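A short worksheet on the structure shown next.
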Amino acid sequence: NMAAIQKLCTRAAWLEQGRLARVGDAATVVADYVHASQLDGQTNEVEGYLYRSTASDPNARAELVALELLDAGGNTVSSARTWGATAFRLTFDVSEAQRSFAAVISLATNDGVVLVLTSTTPDHDVFFGVEPGRYVVVCEFDCLPLAAGDYRVVIGLAVPRQEYLWRNDAVARLRVESVDIFDSGLPPKNDRYLVATPHRWNRPVAVKSTDHELI
């Protein structure tokens, strides 16, 4: 279990066909291993895109053409940042008309644990139908809640509440860069925890024993 290795080990070694392929801190080695073994061959990562289709399926009812990661200024980037403004731009083709259609995005751990899931519908109220053709839709996060590390991007194109017309559970890798969001000298990373939520601590206040009694 990759999550257990990251949780219990500080260092790890990756053996490939009996040879040492990588050694280092557990989180980095696990992320590199998962990327090589699970994502490679399934994703089409090219410069400027998290995913770009190399060939269309003539039998597909719907199909993702491209997935881009955007920063706050709308520029394409290769990685996100904890609490950063982040957007995913999906370009997809549809081959048959649908009265109701939905785009779905999930962000998951390398073990497939879903951390974020959203869709145009039913999770939001962006209702639309489609005719055969190409479409672009953007999903924006004002504050990406993920700690630094690597994650899977899951994309689905669906008839809401009925069926997926296209889905890939590892369409791309999302890399989240380390940011010291709490100014503590310890930026959140996914080898310690996965989701970084805005919060604050108040300084402790001394209380007298007479003011604090156990009931």
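Observations on the model:
- Val154, sole failed condition from (1) modelled with pLDDT of 95 or more; (2) in contact with a helix residue (DSSP H, G or I) (Cβ under 8 Å, 6 or more places away or on another chain): (2)
- The set of residues in the stretch 25-56 being assigned to a strand (DSSP E or B) and modelled with pLDDT of 80 or more consists of Asp25, Tyr49, Tyr51, Arg52.
- Being at pLDDT 70 or above, closer than 30 Å to Tyr164 by Cα, out of contact with any strand residue (DSSP E or B) (no Cβ under 6 Å at 6 or more places or on another chain) and exposed (fewer than 12 other Cβ atoms within 10 Å of the Cβ) holds for only one residue in Asn1, Asn59, and it is Asn59.
- The condition of being at pLDDT below 95 and not in a loop (DSSP other than H, G, I, E, B) does not hold for Asp191.
- Test: residue in the stretch 203-213 that is at pLDDT 90 or above, open to solvent by less than 80 Å² (accessible area, probe 1.4 Å), assigned to a loop (DSSP other than H, G, I, E, B) and of a type outside the set (A, V, I, L, M, F, W, C): no
- Residue satisfying condition, being open to solvent by 40 Å² or more (accessible area, probe 1.4 Å) and either free of Cβ contacts under 8 Å to residues at least 24 places away in the same chain or touching a Phe, Trp or Tyr at 6+ places or on another chain (Cβ under 6 Å) (or both), within set Ser178, Ser184: Ser184
The values are calculated or read from the model by the stated rules, or taken from the named source; none is laboratory data. Keep in mind that what you see is a predicted model, and the values were worked out from it rather than measured. Positions of Cβ are backbone-derived with ideal geometry, glycine not excepted, and every protein chain shown enters the neighbour counts. When the accessible area is computed, the model is the full protein with side chains, heavy atoms only, and any ligands, DNA or RNA have been set aside. Shrake-Rupley method; radii C 1.70, N 1.55, O 1.52, S 1.80 Å.
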